[in-house]
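Structure first, commentary second.
Only the coordinates and a few stated rules stand behind these numbers; no lab work does. As the structure is a prediction and not an experimental result, all values here were calculated from the model. Note: ideal-geometry Cβ built from the backbone for every residue, glycine included; neighbour counts use all protein chains shown.
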Amino acid sequence: MERALPAADAHGAGTILPIAGRGLVLERGGRRIIDEVDVVLGSKHRTLVILGPNGAGKSVLLRLLVGLVLPDAGKVSWAGAPPCRANAHRIGFVFQRPVLLRRSVLANVLYALKIAGCEAPKRMYFAENALAAAGLGHLARNPARVLSGGEQQRLSIARAFATRPEVLILDEPTANLDPASTAAIESLIRDVRAAGTGVVLVTHDLGQARRIAEEVMFMHRGRIVEQGPAQAFFANPRTAEARSFLAGELVL
């Protein structure tokens, strides 16, 4: 039987919000992938969906903000201070392709909790609860890498949330998954959100964005060209680029 996720409660760390980037620039091969971007991820109480055409810089921007990539110019801050590795577990990050240890499903989550500083007596409770909420409790002893693609992605989300992050960042988590797996992951995302963790989701699936988003950020050519409440964005986008994107046209 699936359980509700407990409310977000970090394992011994202060807030890392807001996560901010000021004047961020990243160049590769003579091309600006991120072009002087100012951005703030500041809420634990919303689901932000980042949209834009391929090559807009969506995934790269997230990697800059969480410290996986260093900018060529500009600065990133967490709660007004330079990013600190000791607080990195306050941000959950799930990649498009699951990255799992060669261990059991349960051991993957227990290891993440250990790294996050969760006290040993509490790890099993948090791990089992997260797996049950993801519908994976019955697979806890199975090798993680033999799970289906959808199950592996649910494990990635459960593992990330088990550490009680303030914000969960998901980069195309349902790409190439079947509708049933997509629905299961969207349900899990809603549970995470309901437990008090902010969600930032990159997706190319407009239907998914409409179902999940409370706020939308639209990127084009390495810049944020529009941002606002989801309902207003989908009903009446302000920019020509966003209007073309929503109409299914090529955005050059």
Q: Work out Dmax and Rg for the stretch 103-237 from the C-alpha atoms and quote the Rg first, both in angstrom.
A: 16.3, 51
Q. Pulled fully out, how much extra length does the chain show between Ala194 and Ala247, if you take 0.36 nm times their separation in residues and subtract their Cα-Cα distance?
A. 16.0 nm
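How much FRET efficiency would the formula 1/(1 + (r/R0)^6) give for Leu206 and Lys122, where r is the Cβ-Cβ distance and R0 is 51 Å, rounded to 0.05?
On the way: r = 40 Å, r/R0 = 0.79.
Working from the Cβ atoms, E equals 0.80.
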(Q) Output the 0 to 90 degree angle, nearest 10, between the alpha-carbon long axis of helix 120-133 and the longest principal axis computed from the alpha carbons of the chain. (A) 60 degrees
Q: Among the aspartates and glutamates, select those whose C-alpha is under 14 Å from the C-alpha of Lys75, and discard any that sit fewer than 8 residues away in the same chain.
A: Asp35, Glu36, Asp38
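Take every DSSP beta bridge with both residues inside the stretch 19-246 and express the antiparallel ones as a percent of the total, to the nearest 5.
On the way: 21 of 38 bridges.
Roughly 55 percent of the DSSP beta bridges within the stretch 19-246 come out antiparallel.
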Q: Kindly identify the stretch 35-80 as rounded, prolate or oblate by the Cα gyration tensor criterion: order the square roots of the eigenvalues as a ≥ b ≥ c, call it rounded if a/c is under 1.5, otherwise compare a/b with b/c, prolate if a/b is larger, else oblate.
A: oblate
Q: Mind checking which aspartates and glutamates have their Cα closer than 14 Å to the Cα of Lys44? Skip sequence neighbours fewer than 8 apart in that chain.
A: Asp9, Glu166, Asp191, Glu214, Glu215
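Return the FRET efficiency for the residue pair Ala180, Glu36: r is the Cβ-Cβ distance, R0 is 51 Å, and the value is rounded to the nearest 0.05. Spell out each step's value before the answer.
Values: r = 42 Å, r/R0 = 0.82.
Working from the Cβ atoms, E equals 0.75.
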Q: For the chain, just the Cα atoms, rotate onto the principal axes and tell me the three extents in Å, largest first.
A: 52, 40, 33
Q. Between Glu166, Glu36, Glu119, which gets the highest mean-square fluctuation from a Gaussian network model of the chain, Cα cutoff 10 Å?
A. Glu119
Q. Which lysines, on any chain, are close to Lys114 with Cα under 17 Å apart, when same-chain ones fewer than 8 places away are left out?
A. Lys122
**Q.** Relative contact order for the stretch 1-146, counting Cα pairs under 8 Å that sit 6 or more residues apart, in percent
**A.** 28 percent
(Q) Could you work out the relative contact order of the chain? I mean the mean sequence separation of Cα pairs under 8 Å and 6+ apart, divided by the number of residues, in percent. (A) 29 percent
Q: Report, in degrees rounded to the nearest 10, the 0 to 90 angle that the Cα long axis of helix 179-194 makes with the longest principal axis of the chain.
A: 90 degrees
Q. What is the gain in length, in nm to one decimal, between Asp72 and His138 on full extension, counting 0.36 nm per residue of separation less the C-alpha to C-alpha distance?
A. 19.2 nm
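What does the helix-only formula give at 222 nm for the chain: each DSSP H stretch with n ≥ 4 adding -39500 (n - 2.57), the total divided by the residues, and the result rounded to the nearest 500 deg cm²/dmol? Numbers along the way, then the final one.
Details: 8 runs with 83 residues, N = 252.
So the helix-based figure for the chain works out to -10000 deg cm²/dmol.
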